[in-house]
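Contents: one structure, followed by commentary.
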Amino acid sequence: MTGQRPYTPGELTVHHSPDELGKVTRALRATGRKINLVPTMGALHEGHRTLIRRARRIPGTVTAVSIFVNPLQFGPDEDFHRYPRPLETDLDACRAEGVDLVFNPSPEAMYGTGATTTVHPGQLGAELEGAVRPGHFEGVLTVVAKLLNIVRPDFAYFGEKDYQQFVLVKRMVTDLNLESAIVGVPIVRDADGLALSSRNAYLSEDERRAALAIPAALAAGAMAGPDGPAAILAAARAVVEAESGLRLDYLELRARDLGPAPENGKARLLIAARAGRTRLLDNIQLVVGHGVDENDDTYNPAAGLPRER
Ligand code: AMP
């Protein structure tokens with residue numbers, strides 16, 4: 001490589017300005033490197049770190065992690081202000097995982113004062129999470145579109161923990177002709193089965209115990225798979241209803257693209273419930289009935305990925 005080096009390999013650099021980061025990733029792309037982006041809201045845990053490790057398995061790539069608590073995706077009565085922001089600890093985690101670039105903009109740097117344009121998610125954005133959190137996915141897709149435009153990553157990584165978000169981002173990239181490949185990463189769980197989440201830190205001991213009924217319900221639903229949709233929902237619901245410390249927001253069986261559930265084949269069982277004031281999400285892939293369409297890998301997270309190291 002000739003001329004000025006735009007960055008020093010192996011050293012984490014932190015950017016606050018979208019323009020500045022865009023210049024760096026453009027310069028890196030011009031050197032022939034591929035760019036990974038892992039969008040997060042920070043308070044990084046093993047789930048986020050798994051996304052980062054997945055990104056780093058692709059040879060010849062530079063990995064950028066964005067840490068931005070996006071005001072646009074929080075409702076007025078939600079936890080935007082109390083959402084944890086342990087930036088120094090997060091930067092240590094990024095260094096430990098070999099991240100090259102961190103993007104940590106302020107809300108002003110992202111939205112200025114007069115931004116009015118947003119991305120509308122369509123009907124699916126008003127279902128499931130969207131029915132409980134109006135405007136949430138409009139906020140998510142708007143920030144993800146901006147991040148993809150700023151960084152122009154070859155690959156962007158999303159956890160299946162937020163499965164509806166993953167599906168909607170994939171849809172947006174197709175619908176808006178964006179160039180990044182969206183890679184899904186399976187859910188990372190604690191030893192007791194609870195899906196890792198930055199919001200788990202809010203749970204009291206009793207709430208956490210109650211929350212374990214969520215993965216237990218999904219497991220029961222998956223086991224009832226061969227008996228069909230009604231049996232799946234009944235089995236999962238029975239587990240949640242036996243736990244008085246949980247309030248169910250929704251429990252739904254859907255196709256993998258979140259359309260209507262198939263009578264036969266792969267599907268997703270999705271749940272949201274509250275333990276105290278904390279909303280928890282989880283989901284599982286399962287097989288309904290006995291038939292599986294092995295050729296349909298639309299939502300196979302590994303489909304279309306380049307070779308690993
Ligand atoms: P968040 O910081 O909560 O916005 O999450 C950032 C990314 O990490 C999203 O793509 C999440 O789906 C993903 N993520 C969060 N928790 C997990 C988990 N337990 N397993 C897999 N991915 C996760």
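The values are calculated or read from the model by the stated rules, or taken from the named source; none is laboratory data. This is a predicted model, so every value here is computed, not measured. Glycine gets a Cβ as well: all are built from the backbone with ideal geometry, and neighbour counts include every protein chain shown.
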* So which residues in the range 187-199 are surrounded by fewer than 18 Cβ atoms within 10 Å (Cβ to Cβ), at pLDDT 95 or above and not in a loop (DSSP other than H, G, I, E, B)? -> Arg189
* To do: Inspect all residues belonging to the range 153-173 and state whether any of them is part of a helix (DSSP H, G or I), of a type in the set (S, T, N, Q), closer than 29 Å to Arg29 by Cβ and more than 11 Å from the ligand (Cβ to nearest atom).
  => no
* Asked: Can you tell me which residue in the range 201-232 is farthest from Lys266 (Cα to Cα), limited to those that are in a helix (DSSP H, G or I) and free of Cβ contacts under 8 Å to residues at least 24 places away in the same chain?
  -> Glu205
* Just need a number here: residues in the range 68-104 that are out of contact with any strand residue (DSSP E or B) (no Cβ under 6 Å at 6 or more places or on another chain) and of a type in the set (A, V, I, L, M, F, W, C). => 9
* Asked: Within the range 57-66, is there a residue that is surrounded by fewer than 22 Cβ atoms within 10 Å (Cβ to Cβ), in contact with a helix residue (DSSP H, G or I) (Cβ under 6 Å, 6 or more places away or on another chain) and under 24 Å from Glu20 (Cβ atoms)?
  -> no
* Structure fact -> Taking the range 31-88 and keeping residues closer than 21 Å to Tyr157 by Cα, of a type in the set (Ser, Thr, Tyr) and more than 11 Å from the ligand (Cβ to nearest atom) leaves Thr61, Thr63
* Provide a single number: the residues in the range 72-95 that are farther than 27 Å from Glu129 by Cα and in contact with a helix residue (DSSP H, G or I) (Cβ under 8 Å, 6 or more places away or on another chain). => 2
* Asked: Can you find a residue in the range 227-236 that is on the phi > 0 side of the Ramachandran plot, within 16 Å of the ligand (Cβ to nearest atom) and modelled with pLDDT of 95 or more?
  -> no
* **Residue list for the range 178-199, filter: free of Cβ contacts under 8 Å to residues at least 12 places away in the same chain and within 15 Å of Leu280 (Cβ to Cβ)** => Asp190
